[in-house]
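First the structure, in the form of structure tokens, and then the observations on it.
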Amino acid sequence: MYDMYQVLINILLSIALSVGVTPLIKKLSYKIGAVDIPNKRRMNTEIMPSMGGLGIYLVFFFTIIFLQPVANRIAIPMFIAASFVILTGMIDDIKEISPKMKMAGLLAAALIIIFLNDLTIAQVSVPFIGEINLPMWIGLPFTILWILAITNSINLIDGLDGLASGVSIIALSTMGIIGVFFLDTNSFETSIMIFTLVGSIIGFLPYNFNPAKIYLGDTGALFLGFMISVLSLYGLKNVTLISLIIPIVILGIPITDTIYAMLRRKLNKMPISSADKHHMHHRLMTLGLTHRQTVLVIYLVAGIFSMIALLYPISTLLGSVLITIALLIGLEVFVELIGLVGEDRRPLLKRLRQFGDKLNKNNKKKH
């Protein structure tokens with residue numbers, strides 16, 4: 001049994017520690033040259049410290065290893081793997097490294113956490129078919145892909161003050177609630193880690209929200225993405241169709257932005273890894289929203305995704321299918337409304353308009 005009062009106190013302590021540590025990390029960032037210099041791709045107009053994620057990392061692991069009642073068999077391997085991610089991010093924040101070098105650091109971290117914590121997805125339960133045991137040559141690549149994809153998707157949305165950190169708080173909180181809901185010993189232990197990480201981010205957010213005093217940087221964005229991917233894996237070792245859908249829905253914002261960015265670049269015959277200014281936050285600002293309004297709208301959409309994700313554990317299979325269909329249609333309408341793929345690429349809205357025009361013509365004929 002866990003002393004829930006002590007768990008709560010430690011989470012609150014992680015918030016306070018993060019509030020205190022972040023100004024020190026800001027000074028350190030300036031000192032070692034981990035700064036974000038304005039250019040055509042950046043939204044900032046002045047030099048900003050960009051290693052804020054280091055504070056979140058230090059506070060989280062200090063709290064988890066020394067204060068929270070979490071087994072070190074989980075915490076220590078996670079600390080080792082996350083340290084590779086932090087080191088990769090810090091090097092990139094100080095002196096920008098190539099995407100291949102960055103991916104190598106993330107791959108090393110993924111392999112460490114997979115083998116030290118035995119996190120390979122080993123079994124899939126498919127409705128009407130039953131349980132399917134996955135061989136290592138399928139489970140291992142899928143697990144690696146999951147970690148790399150989620151890590152990079154969080155990094156990709158880190159384009160506005162407080163955006164990635166706020167979306168991470170919403171996603172992690174939802175994961176934690178679902179972990180408590182299932183009341184499994186392992187998932188409950190994972191939930192303690194999740195809410196401790198949420199506390200560490202909450203303490204950082206006031207410094208990061210618009211107008212930001214410090215950025216997450218690649219140090220923070222990669223760390224948060226890595227932690228979200230790994231913590232979600234604790235509930236995915238024996239995958240059911242629903243347990244696979246839930247974290248995907250929770251992470252709807254970064255996953256949607258990543259998938260449509262890849263599609264957009266493919267259609268425009270651009271390299272997949274190339275940068276552009278047509279991400280979700282860019283599109284919303286193009287529509288006339290301010291910096292802060294854009295972030296709050298994306299928070300709202302992330303919150304909607306999270307509320308939908310909370311419906312899956314209490315829904316029947318048919319209900320889950322209907323929720324997923326409705327979600328995909330609603331998502332496509334939203335994506336086309338803001339022109340995420342391109343202002344001239346809105347197939348669903350075009351068909352809906354054509355259908356509406358036909359209805360109007362038929363009504364006019366009758367009258």
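The values are calculated or read from the model by the stated rules, or taken from the named source; none is laboratory data. Predicted model, so just to flag it, every value in this text is computed and none were measured. FYI the Cβ positions are ideal-geometry reconstructions off the backbone, even for glycines, and counts take in every protein chain you see.
Could you check residue 246 against (1) surrounded by fewer than 16 Cβ atoms within 10 Å (Cβ to Cβ); (2) of a type in the set (A, V, I, L, M, F, W, C); (3) closer than 30 Å to residue 179 by Cβ and say which number it fails?
(1)
Would you mind telling me which numbered condition in (1) surrounded by fewer than 18 Cβ atoms within 10 Å (Cβ to Cβ); (2) over 20 Å from the mean Cα position of the chain (by Cα) residue 124 fails?
(1)
Would you confirm, using the coordinates I've provided, whether residue 217 is farther than 19 Å from residue 173 by Cα, modelled with pLDDT of 90 or more and not aliphatic (A, V, I, L, M)?
Considered against the rule, which asks whether it is farther than 19 Å from residue 173 by Cα, modelled with pLDDT of 90 or more and not aliphatic (A, V, I, L, M), residue 217 comes out as yes.
Could you please find all residues in the stretch 143-169 being among the β-branched types (Val, Ile, Thr), within 15 Å of residue 281 (Cβ to Cβ) and over 8 Å from the mean Cα position of the chain (by Cα)?
157
Of all residues in the stretch 62-100 being under 19 Å from the mean Cα position of the chain (by Cα), within 22 Å of residue 162 (Cα to Cα) and not β-branched (Val, Ile, Thr), which is surrounded by the most Cβ atoms within 10 Å (Cβ to Cβ)?
Among them, the one singled out is 89.
Which residues, taken from the stretch 42-89, are among the aromatic types (Phe, Trp, Tyr), free of Cβ contacts under 8 Å to residues at least 24 places away in the same chain and in contact with a helix residue (DSSP H, G or I) (Cβ under 6 Å, 6 or more places away or on another chain)?
61, 79 - these are the residues of the stretch 42-89 that are among the aromatic types (Phe, Trp, Tyr), free of Cβ contacts under 8 Å to residues at least 24 places away in the same chain and in contact with a helix residue (DSSP H, G or I) (Cβ under 6 Å, 6 or more places away or on another chain).
So, in the stretch 292-349, of the ones that are among the charged types (D, E, K, R) and in a helix (DSSP H, G or I), which residue ends up surrounded by the most Cβ atoms within 10 Å (Cβ to Cβ)?
Going through the qualifying residues, I end up with 336.
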